[in-house]
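Peer 1: Got a structure for you, questions after.
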Amino acid sequence: MKSALCDPLPLGYSSGTAGQIRDDFRDYAELCFERFGDRVKHWITLSEPCRYAVWGHDYGENAPGRCSSWKNRACKAGNSAVEPYIVAHHQLLSHAAAVDVYRKKYKGQQKGLVGTTLLTWWTEPYSSKTADIDAAKRVLDFMFLDPLTYGDYPRTMREYVKNRLPMFTQTQSEMLRGSLDFLGLNYYSSRYVKNVESQDPERISREFGRPVHCPSAGVEWLRIAPFGIRYLLNYTKDNYKNPPIFITENGNTTLALKASWHGRLQTPSNGRAEESDKNPQEFTRVAEGKALGRFCITELPSLFGLVVLSDFPKDFYFGSATSSYQVEGAANKSGRGPNRIRDGRNGDVAVDFYNRYKEDLKMMKDTGLNAIRFSISWSRIIPHDFRDYAELCFKRFGDRVKYWITLNEPWAYATFGYDNGEFAPGRCSSWVSRACKGGNSAVEPYIASHHLLLSHAAAVEVYRQKYKVHGSFNLWRLSTDNEKLSQGQAAKLRGSLDFLGLNYYSARFVTNVETEDPERISFKADLHLDLLYENIYRRTAGLEWLRVAPFGIRYLLNYTKDTYRNPTIYITENGVAHDDSDLLGDIMHDTRRIDYYDTHIGNAILHGRLWTISNGQVDILRGLVSPTLTTKTI
C-alpha cells in the first residue's frame, strides 16, 4: 500500500515562501506515520512538486495562481523569476524533514520506505546542433532530482538561475542527500527542446519545450511517445545512483499509451487501455540534412524505440530460423531428389545454404545472433520411418544439438495438406477444391494429425530412453472421432514436451457460424466459425493473411501459459512479408520491418518469455540480411 502525503498546498501557504511550512509539513507527516504506519509501508511525501512550483508560481495556471503580470494577466501577484525556485526549495526541505523524522522515530519498527514522485518528461533536441543537445539535457537537470541524490542543485541550474536560486546549508544538504528510499516517476509524454540564445532580462521564467511530433492523445500536450519512458528510466538509473523506481502515473485520455521495459519495478496505469485501430504514424524530423526521428506507433505495447541487443539479458536467445528446403538448394546431393512447387518453380538452388552455410553462420554471428533454428532434410537422411529417422539424427548430431524440434507446424501439414489441399500432398474433398484429385476433408486432417502426434511421441520416447529430448510443435487441439488414442499412446503423449515452440505471424477476427451444410464437412467446418482478415490491426504486410497484429503474440503467450501448465516457450518463427517494390530507398533501411519486430518483441517482453527471430520465407521476404548468390550484405 502506498500513500501520498501531500496534494495541492493548503490555503495558508498560498505563496509557498514561508519556511514555517517545513515544520508544519513534518508534523503533518509524523501524524500520518504514527496513525497509519502499521499498514502503509511505502510513503510518497510529495506528488509532482514541480507542478506546484511551476504551474502555481511561474505560469499561474494552478493554485495559488501566482506569476509575473507579463506572463498571465489573470495573475494578481507573483514573480515568475524567483518564486518557482523558492517554492521548490521549501518543498525539497519539507520532504527531507519528513524523511528525517520517519527514519529516526518510525522506520525501525514499521520497516517502511519513504520516497517522492516527480513529474517527468523525456526531452529530445530539436536539431543536431550542440546547443539544442545541451538544452535537452538542461531540462532534465531542472527536475530537482540532484538535491535529493547529491544534496545540491546541479551546476547548470546555478549557471543559468544564478543568485535567484536559493542555497542549502550544510545541514540541509546532508538531510537531502540520499533522502529517497525509492523514486516515483510520473511519465506521460516527451518534448522537443530548442536552445534560446538570449532571454529578455525583463521576462524571465521557466519554460518547457514543444511536444514531439507524435499522435496526440486527446489533449495537445499529451503526445504518445513511448520511447521516452525507456530513455528516462535509463537516464535516471545512470545519473542518479540507480534508485528503485516506481512508475506512479502513466496513461492517456483516448488512445493506448505504451508502457516501457526497463527491468526495474513498475506499476500499471489506472485502467485497462484499449487497443487502437488507427494507422501507425511514423515521423521523421529533418534537421541539417539528417533524419533524427523515431517511431510513434499507436498500439499497445511497444517496449523499444529501436531494438538493440544490449536491451536484453546476456543469456537471452536471439536467433534466426530457416527451413531446409527454403534455403539449402543442392537438390541432388546426399541422396536427396528434386522437388517441385505448385507453380512449377523449385528449390534446387534456393540461397545455396548447403554449400555456403559457414559464410551464413559467420554473418549471423557478426550480426549479433547467438542461436539458429534449422531443419534437417528428411529425404537426405532416410526416406521412410519417422522414428528411425529421428533416432539417426539424435545419434549423429546429439553431441552438438541440445534442443530438438520434432515437427514444425503439424497443423499446417494436416489442414493445408488434407483439408483444403493447398499444401502437399494436395488432398481434400472435391467440393473444397476441384484441384484435389482425391481426399476427404472431413476425416483425413484428423488422421494425419493423429499420426503426427504419435510420431512426435515415438521420437520423444526413444530420445528419453536412449539419448534424452527437447521437442516442440505448433499449438493446436486434437478433436476427432475417427482415431482414438489408446491408453499407452495417451501416456506417451502426455508431458511429451520439454519446451514448446510457437510460430506467430498474425491474428484473426472470428465470427460464429451457427449451422453447417451436413454434406460439406471438413476440419474448417467442424470449427463452426469464419476467420476474418480485415482490420484485425492496421495493415496487411505483403500477403493478405499476414495482418500486422503485435498484441496477439502477448495474448497467445499468456493464454498458453495459463491453459497449458506454463511450458517453457520459444518463439520459433516471427516475421513480416513485403514486396521489394514496397520498400523505398535502400532495402536494408527497412523501417516497416523494424516497426514489426519492435512491436512484437515489445509484447513478448511484457510476457517475459524467451524469443527468437525468423528471417522470413522464400522470395517475397527479406530478413535481417539481403542474400544473393554473389554477395550478402548486412
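Peer 1: Can you say whether residue 136 is part of a helix (DSSP H, G or I) and farther than 20 Å from residue 189 by Cα, as far as the supplied structure shows?
Peer 2: no
Peer 1: Kindly list the number of the only condition in (1) at positive phi; (2) part of a helix (DSSP H, G or I); (3) of a type in the set (Gly, Ala, Ser) that fails for residue 94.
Peer 2: Every listed condition holds for residue 94 apart from (1).
Peer 1: For region 367-382, state whether one or more residues are at positive phi and either modelled with pLDDT of 65 or more or open to solvent by 70 Å² or more (accessible area, probe 1.4 Å) (or both).
Peer 2: So far as region 367-382 goes, yes, one or more of its residues are at positive phi and either modelled with pLDDT of 65 or more or open to solvent by 70 Å² or more (accessible area, probe 1.4 Å) (or both).
Peer 1: Within region 537-552, identify whether any single residue is assigned to a loop (DSSP other than H, G, I, E, B), modelled with pLDDT under 50 and out of contact with any Phe, Trp or Tyr (no Cβ under 8 Å at 6 or more places or on another chain), and answer yes or no.
Peer 2: Checked against the condition, which is being assigned to a loop (DSSP other than H, G, I, E, B), modelled with pLDDT under 50 and out of contact with any Phe, Trp or Tyr (no Cβ under 8 Å at 6 or more places or on another chain), region 537-552 yields no hits at all.
Peer 1: Starting from residues that are open to solvent by less than 30 Å² (accessible area, probe 1.4 Å) and of a type in the set (Ser, Thr, Tyr), keep the ones in region 147-165 and report whichever is farthest from residue 96 (Cα to Cα).
Peer 2: In this case the residue turns out to be 156.
Peer 1: Look through 39, 26, 35 and report the one residue that is part of a helix (DSSP H, G or I), modelled with pLDDT of 90 or more and surrounded by fewer than 16 Cβ atoms within 10 Å (Cβ to Cβ).
Peer 2: 35
Peer 1: What are the residues in region 445-461 that are open to solvent by 20 Å² or more (accessible area, probe 1.4 Å) and β-branched (Val, Ile, Thr), if any?
Peer 2: Result: 447, single match.
Peer 1: Could you grab me the full set of residues in region 558-579 that are part of a helix (DSSP H, G or I), closer than 16 Å to residue 497 by Cα and either in contact with a Phe, Trp or Tyr (Cβ under 9 Å, 6 or more places away or on another chain) or among the hydroxyl-bearing types (Ser, Thr, Tyr) (or both)?
Peer 2: Correct list: 560, 563.
Peer 1: Conditions: (1) within 16 Å of residue 504 (Cα to Cα); (2) at pLDDT 75 or above. Residue 614 meets all but one. Number of the miss?
Peer 2: For residue 614, the exception is condition (2).
Peer 1: Working only within region 166-180, note down all residues that are open to solvent by 10 Å² or more (accessible area, probe 1.4 Å) and closer than 15 Å to residue 118 by Cβ.
Peer 2: 180
The values are calculated or read from the model by the stated rules, or taken from the named source; none is laboratory data. In this text, all values refer to a predicted model and were calculated from it rather than measured experimentally. Please note: Cβ atoms are built from the backbone with ideal geometry, for glycine as well, and neighbour counts cover all protein chains shown. Just the protein is used for accessible areas: all its heavy atoms, side chains included, with ligands, DNA and RNA removed. Shrake-Rupley method; radii C 1.70, N 1.55, O 1.52, S 1.80 Å.
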